[in-house]
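A short worksheet on the structure shown next.
The values are calculated or read from the model by the stated rules, or taken from the named source; none is laboratory data. What you see is a predicted model; the values in this text were computed from it and never measured. With ideal geometry, Cβ positions are generated from the backbone for all residues, glycine too; neighbour counts draw on all protein chains shown. With ligands, DNA and RNA removed, areas are computed over all heavy atoms of the protein, side chains included. Shrake-Rupley method; radii C 1.70, N 1.55, O 1.52, S 1.80 Å.
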Amino acid sequence: MPVAHTTFDRKTRTATVRVAGDVSLTTAKEFYGHMRGVARRRDVRSVVLDFEKAGRVDSSGLAVVSLAARMMERGGKAFDLVHLGETHRAALDLLPRDAVAVADETDHPGFVRRVGMSILDYQDAGAAFLALLADTGRQLLYVITRKKRLPVGALTDQIEKMGVDAVGIVGLLGLLLGTTLAFQGIVLLQRFGAGVFVADMIGISMVREFGPMMTAIILTGRTGAAIAAELGTMKVRDELDALTTMGVSPTRFLLLPRLLALSIVQPALSLMSMFLGIGGGMIIAALVLHLPPDLFWDRIVARITFGDFLHGMGKSLIFAWIIGFTGSHLGMRASANSTSVGAATTRTVVVSVFFIIVVDAVAATISTIGAHP
Amino acid sequence: MKVETRTSADVLLTCRDVSVGYEDKAILSGVDLEIVRGEIVTLLGGSGCGKSTMLRAITGLQAPLAGHIELLGQDMYALDNEARRVLLRRTGMAFQQDALFGSLTIQENVGLPLRELTKLPEPVIREMIRIKLALVGLSGFEKRYPPTLSGGQRKRAALARASILDPEIIFCDEPSAGLDPIVAAGLDETLCQFRDVLGVTIVVVTHELDSIRTISDRAVMFGGGKIMAMGSVADLEASTDEAVYNFFHRVAAERPGRAGDGVDRLHHARTA
Ligand SMILES: Nc1ncnc2c1ncn2[C@@H]1O[C@H](COP(=O)(O)OP(=O)(O)OP(=O)(O)O)[C@@H](O)[C@H]1O
Ligand SMILES: [Mg+2]
């Protein structure tokens with residue numbers, strides 16, 4: 001049986017909607033469709049909703065009645081409820097009297113305003129970032145001058161989490177990178193009868209470029225993302241504010257151990273990946289070119305200068321700071337809803353990788369131009 | 001609203017000799033309880049006595065260590081997951097820590113069961129949300145995110161969400177904790193409306209004496225790992241049992257071992 005049935009009186013232009021049975025979650029959709037149909041009829045002047053045969057009316061039924069009242073009002077139709085039972089009356093009393101329906105549309109800012117807002121956002125973020133840098137510097141100074149100290153065990157904890165646990169993956173990838181480079185180099189250099197120079201090539205590229213860069217990218221994914229997620233979650237749960245109210249600097253308590261650990265771990269892992277990359281190349285050169293490993297090593301030692309080494313290590317230190325600061329900055333700026341933590345994490349990865357590659361390119365350009373003006 | 005002649009269909013919840021706890025350590029045991037359609041039952045008892053744990057057991061979140069629980073005529077722990085979910089749709093739960101989704105607006109939070117489980121048209125859903133939010137006094141908060149609401153407001157939003165499907169029975173864990181007396185009284189009125197108008201059965205954990213007196217058809221008091229007393233509020237208030245008397249007359253209980261056992265406590269803290 002349909003939940004509502006309408007009869008129309010042409011003379012008075014009145015539609016009488018008779019409700020039959022329960023109006024609940026299962027029938028509300030049909031009831032709504034019916035009422036909307038009535039509301040759209042041009043020939044109807046007034047609508048009477050008859051509850052004589054109605055059963056239980058639950059919140060979905062109430063919602064439809066309330067919506068119907070509004071639709072009729074908008075269409076300039078009179079709307080009356082008749083034969084209400086005791087329970088119907090009580091239920092209808094639940095309807096809010098004063099609360100106006102909220103507009104569905106949020107105001108969308110125009111283009112110019114959007115651009116303006118995003119510029120202000122960047123300015124804001126930039127200022128916050130500088131403040132973070134300054135605060136880190138200040139806290140570092142306190143720690144160095146022993147006015148304050150790092151939380152007990154935090155540094156070793158972080159080194160273990162960021163470094164020791166990453167040894168396997170960084171080592172493996174370094175080795176594989178070395179072998180890949182060797183294959184590529186051998187194919188190319190052998191054509192000129194210069195296969196032995198593969199050692200120079202691998203040495204230079206692992207030490208100056210690939211060692212630091214690959215380690216940095218792995219650490220961005222592992223450590224940078226973790227920092228952002230951790231700090232973001234703490235921010236969302238007010239834990240950062242809790243630290244502040246306790247008078248503990250979040251920068252010193254959370255950031256400094258992470259940054260210092262990264263500054264140790266990143267160069268160390270880079271060093272390891274340089275050696276393993278060279279080792280990988282050495283193995284391939286021995287297998288494919290029958291180049292004795294000691295000869296390979298001699299070429300490396302002869303070719304790579306201390307400057308090359310410093311270049312690689314210096315860059316990896318800078319990469320460490322990029323990762324650490326990006327993760328902390330974006331994590332701490334997570335806002336009060338839980339999706340923002342995810343957003344902070346992905347942004348950390350993208351932004352860090354971007355700046356790592358930019359810095360790398362700039363360093364390569366400067367050092368090359370500097371060496372061969 | 002007293003039900004005089006009970007039939008089995010009127011008993012919404014039965015607990016028989018139930019023990020609940022964590023990792024075999026019972027926190028409440030020997031709980032026998034029956035809840036009848038259309039009544040508001042308040043669960044009382046000191047902090048940490050196991051009220052929330054009991055609610056978790058009743059709502060199928062945590063199997064009791066022993067005993068038998070029947071909700072809406074079915075033993076939830078004998079059902080498979082899908083059947084259990086279908087059953088739980090006829091109930092609503094407002095958690096002690098609101099449990100609102102932080103990434104959804106209040107409006108989306110409250111409407112989530114409707115959007116996920118019914119095929120109602122969007123305008124009807126919005127109207128239902130509007131009505132329920134108005135009922136709990138949160139008109140105009142539709143677009144806000146939970147973390148930007150006060151604790152009391154979040155609790156009320158959680159209650160709106162728990163009641164959005166017009167469940168037969170609603171469980172509320174301390175809905176009025178953290179509310180000012182006026183808003184708390186308004187919330188009590190809303191709970192009574194749910195009972196009287198929508199016929200909802202309500203189980204409320206609360207510490208507020210005023211609230212207990214206004215809304216309870218029956219009160220159950222937990223303490224000492226079991227049900228200490230059960231009955232109308234008038235009965236409980238007249239009780240000669242010391243703990244029950246103290247609860248209603250706000251006599252501070254003697255805290256066991258206030259001085260002299262500091263070393264002991266430290267020891268426990270470390271081994272816990
Ligand atoms: N996940 C858990 N594991 C072990 N013990 C728990 C766990 N959750 C709660 N407890 C313990 O169970 C006991 C009862 O906790 P419960 O949350 O049920 O108390 P409550 O009566 O709701 O208290 P309150 O009024 O403070 O909310 C407490 O002693 C608590 O420490
Ligand atoms: Mg509790």
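A few points about this structure:
- Screening A:Val187, A:Val170, A:Val143 for residues that are closer than 30 Å to A:Leu291 by Cβ, open to solvent by less than 50 Å² (accessible area, probe 1.4 Å) and either β-branched (Val, Ile, Thr) or outside any helix (DSSP H, G or I) (or both) leaves exactly one candidate, A:Val170.
- When the stretch B:58-69 is filtered for residues that are within 16 Å of ligand 2 (Cβ to nearest atom) and crowded, with 16+ Cβ neighbours inside 10 Å, the ones remaining, listed by number, are B:Ile58, B:Thr59, B:Gln62.
- Selection of the stretch B:216-239 for residues being within 17 Å of B:Lys51 (Cβ to Cβ), in a loop (DSSP other than H, G, I, E, B) and away from ligand 1 (no atom under 16 Å from the Cβ) yields only B:Ser216.
- Among the residues of the stretch A:4-60, those that are among the β-branched types (Val, Ile, Thr) and more than 21 Å from B:Arg126 (Cα to Cα) comprise A:Thr6, A:Thr7, A:Thr12, A:Thr14, A:Thr16, A:Val17, A:Val19, A:Val44, A:Val47, A:Val48.
- Where a residue in the stretch B:21-34 is more than 16 Å from ligand 2 (Cβ to nearest atom) and its partner, wherever it lies, is charged (D, E, K, R) and not in a strand (DSSP E or B), with Cβ under 9 Å and at least six apart: B:Glu34/B:Arg6
- Residues (more than 16 Å from ligand 2 (Cβ to nearest atom), modelled with pLDDT under 90 and more than 14 Å from chain A (Cβ to nearest Cβ)) located in the stretch B:196-212: B:Leu209, B:Asp210
- Going through (1) within 16 Å of ligand 2 (Cβ to nearest atom); (2) buried (at least 16 other Cβ atoms within 10 Å of the Cβ) one by one, B:Ser47 falls short only on (2).
- Scope the stretch A:21-78; condition hydroxyl-bearing (Ser, Thr, Tyr), under 47 Å from the mean Cα position of the chain (by Cα) and more than 10 Å from every other protein chain (Cβ to nearest Cβ); matching residues: A:Thr27
- The set of residues from the stretch A:190-208 being β-branched (Val, Ile, Thr), open to solvent by 20 Å² or more (accessible area, probe 1.4 Å) and modelled with pLDDT of 90 or more comprises just one member, A:Ile204.
- The single residue among B:Met128, B:Met93 that is surrounded by 17 or more Cβ atoms within 10 Å (Cβ to Cβ), facing chain A (nearest Cβ under 8 Å) and under 26 Å from A:Ala90 (Cα atoms) turns out to be B:Met128.
- Residue in the stretch B:110-117 that is modelled with pLDDT of 90 or more and either away from ligand 2 (no atom under 16 Å from the Cβ) or surrounded by fewer than 18 Cβ atoms within 10 Å (Cβ to Cβ) (or both) present: yes
- Criterion violated by B:Leu187 - all others in (1) surrounded by fewer than 23 Cβ atoms within 10 Å (Cβ to Cβ); (2) touching a Pro at 6+ places or on another chain (Cβ under 7 Å) satisfied: (1)
- Residues that are farther than 15 Å from B:Phe171 by Cβ, in contact with a strand residue (DSSP E or B) (Cβ under 9 Å, 6 or more places away or on another chain) and within 16 Å of ligand 1 (Cβ to nearest atom), drawn from the stretch B:181-215: B:His207, B:Ser211, B:Ile212
- Just one of (1) open to solvent by 20 Å² or more (accessible area, probe 1.4 Å); (2) touching a strand residue (DSSP E or B) at 6+ places or on another chain (Cβ under 7 Å) fails for A:Glu86. It is (2).
- Single unsatisfied condition, B:Gln193 versus (1) over 17 Å from A:Leu25 (Cα atoms); (2) facing chain A (nearest Cβ under 9 Å); (3) touching a residue at least 24 places away in the same chain (Cβ under 8 Å); (4) crowded, with 18+ Cβ neighbours inside 10 Å: (4)
- B:Leu55 vs. criteria crowded, with 16+ Cβ neighbours inside 10 Å and either away from ligand 1 (no atom under 16 Å from the Cβ) or within 14 Å of another protein chain (Cβ to nearest Cβ) (or both): no
- Checking A:Ile356 against (1) part of a helix (DSSP H, G or I); (2) within 14 Å of another protein chain (Cβ to nearest Cβ), the condition it does not meet: (2)
- Of the residues contained in the stretch A:312-320, none is found to be open to solvent by 30 Å² or more (accessible area, probe 1.4 Å) and either touching a Phe, Trp or Tyr at 6+ places or on another chain (Cβ under 7 Å) or farther than 30 Å from A:Met201 by Cβ (or both).
- Flag for B:Asp173 being within 16 Å of ligand 2 (Cβ to nearest atom) and either within 13 Å of chain A (Cβ to nearest Cβ) or under 26 Å from B:Val220 (Cβ atoms) (or both): yes
- Taken together, B:Leu120, B:Leu135 contain a single residue that is under 26 Å from B:Ser211 (Cβ atoms), buried (at least 18 other Cβ atoms within 10 Å of the Cβ) and facing another protein chain (nearest Cβ under 10 Å), which is B:Leu135.
- Any hit, the stretch B:83-95, residues being part of a loop (DSSP other than H, G, I, E, B), on the phi > 0 side of the Ramachandran plot and within 16 Å of ligand 1 (Cβ to nearest atom): no
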